[in-house]
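The block underneath contains the structure these notes are about, expressed in structure tokens.
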Amino acid sequence: MPRAHTLTIEPLGRDAIALTQCMAIDADAFPYASVHFGQRTSSLRVLVARDEREARVVGFLAGRVRRGIFGIHGLAVDRAIRRRGVGRALVREAVVLARAERLRAVVLQVGVANVAALALYRAEGFRAVQRVRDYYPASVYGERDAYQMLRML
Ligand SMILES: CC(C)(COP(=O)(O)OP(=O)(O)OC[C@H]1O[C@@H](n2cnc3c(N)ncnc32)[C@H](O)[C@@H]1OP(=O)(O)O)[C@@H](O)C(=O)NCCC(=O)NCCS
């Protein structure tokens with residue numbers, strides 16, 4: 001598979017079609033909505049990845065700024081083009097964004113069995129600071145614990 005070399009990462013803005021595409025990727029990736037995309041509060045940051053060859057949104061990263069920290073609430077890539085660098089590009093751009101806003105750190109929670117996401121975050125400099133027992137409701141995943149991961153800026 002070729003790398004997604006025509007990838008661009010940008011804020012979601014007010015593009016209703018891109019918003020719908022984010023929600024579709026979210027619904028396919030998770031058994032719950034990772035973020036309320038329609039609730040455009042001032043703390044919400046949404047980055048979208050586009051691949052010119054696909055002419056659509058192929059991934060998103062969403063989070064909120066709170067008390068000087070960017071908390072990632074959702075990251076997902078269209079399953080048809082995973083493992084081509086889209087997730088990494090989104091995480092890197094989130095770090096750039098957080099630095100530009102002079103935030104102190106980026107934090108997130110990730111399921112302890114989520115091998116792909118854990119590998120991505122570790123490779124991008126995040127470290128697990130805490131294991132959160134029963135973070136996910138019983139009906140969501142077989143393994144309910146999550147790691148809280150942190151990257152200081
Ligand atoms: C996690 C996710 C966003 C990764 O996106 P992606 O575009 O496929 O990831 P990338 O291609 O940028 O991978 C970057 C690195 O992450 C690691 N990685 C990604 N997928 C992996 C997998 N399936 N197994 C092991 N490592 C993996 C690798 O280190 C990879 O680098 P490499 O390809 O050079 O070896 C994607 O798998 C996804 O959408 N999963 C479902 C939603 C989810 O779990 N989100 C995270 C919630 S916290």
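The values are calculated or read from the model by the stated rules, or taken from the named source; none is laboratory data. Just so we're clear, the structure is a prediction, and the values are computed from it rather than from any experiment. Cβ sites come from the backbone with ideal geometry, for glycine too, and all protein chains shown count toward neighbours. Side chains are part of the model used for accessible areas, which takes the heavy atoms of the whole protein and leaves out ligands, DNA and RNA. Shrake-Rupley method; radii C 1.70, N 1.55, O 1.52, S 1.80 Å.
Give the residues of the range 79-117 that are assigned to a helix (DSSP H, G or I) and either over 24 Å from Val65 (Cβ atoms) or within 7 Å of the ligand (Cβ to nearest atom) (or both), sorted by residue number.
Scanning the range 79-117 gives Arg79, Ala80, Ile81, Val86, Gly87, Arg88, Ala89, Val115, Ala116, Ala117.
Yes or no: Ala116 within 28 Å of Arg144 (Cβ to Cβ) and open to solvent by 20 Å² or more (accessible area, probe 1.4 Å)?
Yes; evaluated as a whole, the condition is true for this residue.
Within the range 27-35, can one find any residue that is open to solvent by less than 40 Å² (accessible area, probe 1.4 Å), among the polar types (S, T, N, Q) and modelled with pLDDT under 90?
There is at least one residue in the range 27-35 that is open to solvent by less than 40 Å² (accessible area, probe 1.4 Å), among the polar types (S, T, N, Q) and modelled with pLDDT under 90.
Within the range 43-63, which residues are buried (at least 19 other Cβ atoms within 10 Å of the Cβ) and of a type in the set (A, V, I, L, M)?
Val46, Leu47, Val48, Ala49, Val57, Val58, Leu61, Ala62
Report yes if some residue within the range 11-23 is within 12 Å of the ligand (Cβ to nearest atom), in contact with a helix residue (DSSP H, G or I) (Cβ under 9 Å, 6 or more places away or on another chain) and at pLDDT 90 or above; otherwise report no.
No.
Taking the residues in the range 64-78 that are outside any loop (DSSP other than H, G, I, E, B) and within 11 Å of the ligand (Cβ to nearest atom) as candidates, determine which candidate is surrounded by the fewest Cβ atoms within 10 Å (Cβ to Cβ).
Checking each candidate, the answer is His73.
Kindly evaluate Gly125 against the criterion of being touching a Lys or Arg at 6+ places or on another chain (Cβ under 6 Å) and under 27 Å from Glu143 (Cβ atoms).
yes
I need the full set of residues from the range 119-137 which are near the ligand (Cβ under 10 Å from one of its atoms) and within 25 Å of Leu44 (Cβ to Cβ), in order please.
Leu120, Tyr121, Glu124
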